[in-house]
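Take a look at the structure set out below.
Just so you know, all these numbers are worked out from the coordinates, no wet-lab data involved. Everything numeric here is computed off the predicted structure, so don't read it as measured data. Reconstructed Cβ throughout: ideal geometry from the backbone, glycine too, with neighbour counts over all protein chains shown.
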Amino acid sequence: MLMRELDYDVAVIGAGTAGIAAHRAASAAGARSVLIERGPGGTTCARVGCMPSKLLIAAGAAAHAARTTGLFGIRVSGVTVDGPAVLRRLRSERDRFVASVVDGLADLPEDERLGGTARFESDRTLVIGDAIRIRFRAAVIATGSSPIVPEALQGLGARLLTTDTLFEIPDLPDSLAILGAGPVGIEIAQAMARLGVAVTVIDAGDTVAGLSEPELARQAAAIFGADLDLHLGAEVRTAAPDGDGVSLHWIDRDGREQVTRASRVLAATGRAPNLDALRLEAAGLRRDEDGVPEFDRHSLVCAGAPILIAGDADGWRPVLHEASRQGRIAGGNAAALAAGRPVAAPAPWTRLAMVFTHPQAAVIGAPYDPENAGRVVGTMDFSDQGRARVEGTNRGGIRLWADRSGHLLGGEMLGPSVEHLAHLLTYAVAHKQTAETLHDQPVYHPTVEEGLFRAMSKIVQST
């Protein structure tokens, strides 16, 4: 069978957040661009990531709020959780988000979208199956990622869940073991526990929710551990079917053997870039120790070929806003390469990562430095913060770091409304503002923002 031969300026592999943005940017720059999707479409965020997980969190928060009204002198009795109804709403809303993405792709002209699995034939050609060959002047890899399943959990069949399958279950399990206390694992763990599921979380590390500042990490472990069975510094050795559930054999931080039985086990140990099917070696791309092509983190151009990489596929900052930005950069630069123009190399955004537990957590800018070399640290505790006490959410704290001149470098947060406070700090770091400059701005009372500015005042006093 003869192959269909096609020519494009830019070929974008993957129609997720990064790929859609790349195709749009390349087309806007005047390039003839094609978007290739092997399916299922709809973006990781809408289909199996941020949106369905937030729907689960919202349901858990509603159940928790109904049970804890006594703090305010309000009595609610007979709170029950209808698991199938929770999951039906989750999938219904999730499908609406996915449909909006898919509908947008359907609006593309037919010659700008192709279905199938693409692989490189050379540094200037792709093939899709055995039917289509595409010649390109530049290409963008935006193939997303897939859940990592630890070797110890292999062979569990339907008893094993990942974020790609969790939201398809018909009912909430009676019990759930989760491997991983990072952002995804702890979000799902707390939501499930609030919905009445007996949850056990096992993680080999010593931190929760991506926090590394020791006191905040300790508080997070204590807060989340009060509602579920949390084990840090632990390692799962084996897992095996046990009746209609699973038994996990693991070693705790003191070296003692432990056994946990659960109806289901969730692998929440991260996601790996989808790169194996691409035959990167045929394109002459060099891989790093993690198997990702070597690429410039400013221009997103890979070493050795007119190929760029963006979004989860590069394994660098796997969150939606970064994928969207990287897609725009990669698409614009792919069009530039195709036309023989110089590429742009904008500086990366200030790091921003959030966890939507209760309390919320965030990591901003420069990472925690245990030596605090050349830094001034500002701290605050939410336990006695006015608005937080009013709402009954007075748990956690804030840690900010600045250089000796008071310029804000970053920080970590655990507490109420952190999703909003973190944005304020991110913009301050990005614009190289000082703690004194921000501290001089008005802050309405009573708001949780007062807590952020209290931490800044500590920096001002020390510089």
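Some points to look at:
- Among VAL376, VAL149, a tally of other beta-carbon atoms within 10 Å of each Cβ gives an order, fewest to most, of VAL149, VAL376.
- Loop-resident trypsin sites (Lys or Arg not before Pro) (DSSP state other than H, G, I, E or B) in region 226-314 with no more than 11 further Cβ atoms inside 10 Å of their Cβ: ARG256.
- Among VAL12, VAL377, VAL76, VAL292, the order by Cβ neighbours within 10 angstrom, fewest to most, reads VAL76, VAL377, VAL292, VAL12.
- Part-to-part distance (alpha-carbon centres) for region 74-148 and region 296-370, which is given in Å: 19
- Relative exposure of TYR427, TYR8, judged by other C-beta atoms within 10 Å (fewest first): TYR427, TYR8
- Given charges at beta-carbon only (K, R positive; D, E negative), |dipole| of the chain in Debye: 720
- Helix axis angle, 320-339 relative to the chain longest principal axis, alpha carbon, degrees: 20
- Alpha-carbon Rg/Rh ratio, for region 1-141, with Rh computed the Kirkwood way: 1.23
- Each listed q (0.15 Å⁻¹) maps to a log10 I(q)/I(0) for region 320-444, found by the Debye formula over equal Cα scatterers with no solvent: -0.78.
- Relative contact order, percent, the chain [alpha-carbon distance under 8 Å, six or more residues apart]: 16
- Where a label projected 7 Å from the Cα of ASP171 along Cα→Cβ would reach, residues of region 244-271 with amide N under 16 Å: 244-245, 263-264
- Applying the criteria of a DSSP loop state and at most 11 other Cβ atoms within 10 Å to the trypsin sites (Lys or Arg not before Pro) of region 1-98 yields ARG75.
- Cα-Cα pairs of the chain separated by more than 42 Å (percent): 23
- Interchain or long-range residues, amide H under 5 Å from VAL140's placed H: ALA11, VAL12, ILE13, LEU308
- Where GluC sites (Glu not before Pro) fall in DSSP loop in region 245-300, at most 14 other Cβ within 10 Å: GLU289, GLU294
- Calculated FRET value between LEU424 and ARG4, using beta carbons and R₀ = 51 Å, to 0.05: 0.45
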